[in-house]
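Worksheet for the structure shown next.
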Amino acid sequence: MTVVLLAFVAAFVPALLWLVFIYRRDRYEPEPKTLIARLFLWGLAAGPWASGMNILIAHLFAPSIDSAQREGALFLAAILLFALVALSALNEEVMKYVVVSSRVRGDAAFNEPVDGMIYMSTAAIGFSAGENVVYILNTYFGLIADSTRPGVPLALINAFLVTAPLRALLSTIGHITWSGITGWFLSRHYLEKGSGRMLVGGILLAASFHTAYNFPLFLQELGLAVGWITWLVWIAGIERYLTLLGRALLASPFRRAALRAKGAAAEHADVLRAYRSLRARQLPVTVLLVGLGIVAAVAAALAGLPQEVPYTSAFLFILAAIAFSRFNWRCPFCGAHLNGLNPRICTHCHVKFT
């Protein structure tokens, strides 16, 4: 019972922190907190529904995949595995879309482009929190049941110091970005009367990112060392999400009203303050992450761990540095990624930093 409670804490505390972070991205007209809470819970409720469908999809494909592996037909096994992963990813993205769309259509609070991204991201955090509880518990009880491995200490370390942090960071951010992409298309469809085909295309784009993230991890089970592709897809998803978030904020009608109220000079002063802040943290945080990667790699090597561990440790921290840079080094006015180390102007919205 204690382990189950700890699993919920390890999954939901980071989720609530992510929820606060995402909520604050809506800088011009924050959404009602009650609506955000309901969408979080509906995202959480969508998890068992999606899991049930994923189990059915796995039952349909798993026997054929196992058979192809036994016969040495790895190409056929990879194709079938791709179909399984793609359908599971599409299932999850559709589930998250359905619970959000059914709750926010017609709601008076849904009145600016960024709202769809906030709504979908909120549901994604709830969905991911429930999913993370399952993964943490499966890791713990799976190791407890393995008589060939040390017992409780190893199980606790793997469940709460490995699985929980990785899921809270990588998987939760993944769900936020994929669902946020769908949310951008939902806003265009609902607020701008965009076509249904465009909305379907947005859901398929989100599912494609989801598939590209998961598929390399599954391929490793076939003996192919392509897990590094997952991290690149993760960064690409963050990049696409932040770009769309910047566009949505730039198009907000409340932003234009805020500009008129504050005046051009006051707005430019805010932009300069924000730019100096992001510039002040860009280099120190990047250097810190790269340094931690080097330290982790050296420590792993000195501890006598397998040689892939030092390389993987350094690689993950370097990827974290790249991801931070893609997140941080953005125009505080429109959200577009900045060019160069000392830009004088944003090439997207042309706001000046001097």
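The values are calculated or read from the model by the stated rules, or taken from the named source; none is laboratory data. Here the structure is a predicted model, which means the values were calculated and not measured. Using ideal geometry, Cβ is built from the backbone for each residue, glycine included, and neighbour counts are taken over all protein chains shown. Accessible surface areas use protein heavy atoms only, side chains included; no ligands, DNA or RNA. Shrake-Rupley method; radii C 1.70, N 1.55, O 1.52, S 1.80 Å.
Which percent of the accessible area of region 166-235 is formed by carbon and sulfur heavy atoms (probe 1.4 angstrom)? Walk me through the numbers before you get to the answer.
Values: 1970 of 2900 Å².
Accessible surface attributable to carbon and sulfur in region 166-235 totals 68 percent.
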For region 106-213, just say rounded, prolate or oblate: build the C-alpha gyration tensor, square-root its eigenvalues into a ≥ b ≥ c, call rounded for a/c under 1.5, and beyond that prolate if a/b exceeds b/c, oblate if not. prolate
Please label the shape of region 69-147 as rounded, prolate or oblate, based on the square roots a ≥ b ≥ c of the eigenvalues of the alpha-carbon gyration tensor (a/c under 1.5 means rounded; beyond that, a/b larger than b/c means prolate, else oblate). oblate
From highest to lowest solvent-accessible area (probe 1.4 Å; ligands, DNA and RNA excluded), H175, H350, H337 read H350, H337, H175
Where the only charges are on Cβ atoms (+1 Lys, Arg; -1 Asp, Glu), what is the dipole of region 176-250 about its Cα centre, to the nearest 20 debye? 320 debye
Region 71-163 accessible area per residue, 1.4 Å probe, protein heavy atoms, integer Å², reads 41 Å²
Past 30 Å, Cα to Cα: identify those pairs from K33/K352; K96/K193; K33/K193, in the order given. K33/K352
SASA check, E92, accessible area w/ 1.4 Å probe, all protein chains in place, rounded to nearest 10 Å², comes out at 20 Å²
